[in-house]
Amino acid sequence: MTATATAAVEAGGRTQATPAEVRKAIWAGGIGNFVEQFDFAVYGYLAPLMAPVFFPETDPLASVLSTYALFAISFLIRPVGGLVFGRFGDRVGRRKTLSLAIVLMGVLTALIGVLPSYAQVGFVAPALLLVVRILQGVVQGGEYVGAIAFIVEYAPERRRGFYGSFVSMSVFLGLLGGAGLSSLLTTVLPHEEMTTWGWRLPFLLALPLALTGLHLRLRIKETPEFEAATRSGDEVVQTPLREALVSQWRGILVFCGASITLAVLSYGWVTYLPQYLSGTLKVPQGEAFLSNVISIAVLVPLLPMAGALSDRIGRKPMLIIGVLACIFLVPLAFLVLEEGTFTSSVLGQLIYIVPEFFLTGIVTVCAAEFFPTKTRYSASAIAFNSSFAIFAGATPFIATLLVSRFGTVYALWGFLATLAVFSLFVILRFMQETYRSALSDDKYAAHN
């Protein structure tokens, strides 16, 4: 009987999933992040078209800024969502929590596509958009970390980095899907049709995508790791949030310190650099956007390679190389970008994603490995959302402010390099290697 057909076998007290079950877990876990990032890309790309729909047209710039402000709010509210969904995920399971999350995400995203305009209901229109974005932020705060826990808890012990990398892949695939569809619609539809109804189509598409995800999640069992930890009922924590804050605060702080560099690196890339290329370097907007899409497309298939490499050499070496690459390669990327051509835009961003290769998937799997099963969802939600909601959400604003103040994009590199030095110190001084440890281990318990 082959491995894929064999019933799950017992391994170290935990029921080992078959390869077929792991593949199902990857699809079920990743599709929620795809929908989330699909919305992220669509909203960001179509914001200029949405602005006059939801805000008065007397001041176009203010309308666009207001639309982006609602975008930022969904980031800031994510820690709240992490607390809510984390508690639910640690008490009743990953599968049920993620099933609820993807339904809510699909419904809320689709709602944006049917909201009334400012011309129809006045200030009720932006108020409704604000409510939807806040609720989306709550759901997003629990989706990503839940998907990480779900896939990593299904993965074979020695291949958690490889399988965990597919969570990161789903993020960038969602960005590509949302950006690609938005670009296609703006190309094939006349401007008047895009501003009246065309912009609504990508948001409406999120609902069938979410229902597909729900179908996948309902067809798979709870993770073997969670079932093993809760089989007797002894590991079910009644107040996982309190337990995480009391016993896992060290791990939470270590994760935040190690991951803030990636938060700024990533969102400086996907949100700020295209605007810098078109606004400051005068690269045609379409070419600036395309160069960003190309660099994302190049990174996606490399992420499993990074995860597999971390399974061989460990998480710490990968993170160390990544933060050092931020210090030494990002200024080289900026030097190439300043040529101001489409070719230099692509080449510069290909250099920029080298530290992304070493950091993205590894930070993802560490969000699960740092914390024990009984509080993994809650603790990782606090850690991940604290570092990314604050630093990632603020990166476009900080980057714009620094470049405007100092007159050079190297000011952004100075900010990133400072964070990289701090992350390097945290990784070297406080981080424990986790790639060979059991998921149930309490690596950063406060009493250690």
Does at least one position in segment 139-150 carry a residue that is farther than 19 Å from A368 by Cβ and not polar (S, T, N, Q)? yes
Identify the single condition in (1) touching a residue at least 40 places away in the same chain (Cβ under 8 Å); (2) hydrophobic (A, V, I, L, M, F, W, C); (3) farther than 26 Å from Y444 by Cβ; (4) open to solvent by 10 Å² or more (accessible area, probe 1.4 Å) that A399 does not satisfy, given that it satisfies every other one. (4)
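Sort through T271, T223, T261 and tell me the only one that's in contact with an Asp or Glu (Cβ under 7 Å, 6 or more places away or on another chain) and either of a type in the set (S, T, N, Q) or open to solvent by 10 Å² or more (accessible area, probe 1.4 Å) (or both).
T223
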Considering residues that are open to solvent by less than 30 Å² (accessible area, probe 1.4 Å) and under 30 Å from Y163 (Cβ atoms), the number found within segment 274-305 is 7
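Residues checked against (1) among the hydroxyl-bearing types (S, T, Y); (2) at pLDDT 80 or above; (3) outside any helix (DSSP H, G or I):
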| position | (1), (2), (3) |
| --- | --- |
| D234 | no, no, yes |
| E243 | no, yes, no |
| G251 | no, yes, no |
| A258 | no, yes, no |
| Y267 | yes, yes, no |
| P274 | no, yes, no |
Quick count over segment 389-429, residues being under 24 Å from the mean Cα position of the chain (by Cα) and not in a helix (DSSP H, G or I), is 0
Going through (1) open to solvent by less than 40 Å² (accessible area, probe 1.4 Å); (2) assigned to a helix (DSSP H, G or I) one by one, T434 fails only at (2)
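Would you kindly identify the helices (runs of 4 or more DSSP H) lying entirely within segment 112-202 that contain at least 3 residues that are hydrophobic (A, V, I, L, M, F, W, C) and open to solvent by less than 50 Å² (accessible area, probe 1.4 Å)?
Numbers: elements: 118-121, 124-154, 160-188.
Helices (runs of 4 or more DSSP H) meeting the threshold: 124-154, 160-188.
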Under 6 Å between Cβ atoms, at least 6 apart or on separate chains: pull out the pairs that start in segment 178-204 with a residue that is within 19 Å of F55 (Cα to Cα) and β-branched (V, I, T) and end on any residue that is at pLDDT below 90 and in a helix (DSSP H, G or I). T195/L49
Residue match in segment 362-376 (condition: more than 23 Å from K282 (Cβ to Cβ), basic (K, R) and modelled with pLDDT under 90): yes
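The values are calculated or read from the model by the stated rules, or taken from the named source; none is laboratory data. Computed from a prediction, not measured in an experiment: that's the story for all the values here. Please note: Cβ atoms are built from the backbone with ideal geometry, for glycine as well, and neighbour counts cover all protein chains shown. Side chains included, ligands, DNA and RNA excluded: accessible areas come from the protein's heavy atoms. Shrake-Rupley method; radii C 1.70, N 1.55, O 1.52, S 1.80 Å.
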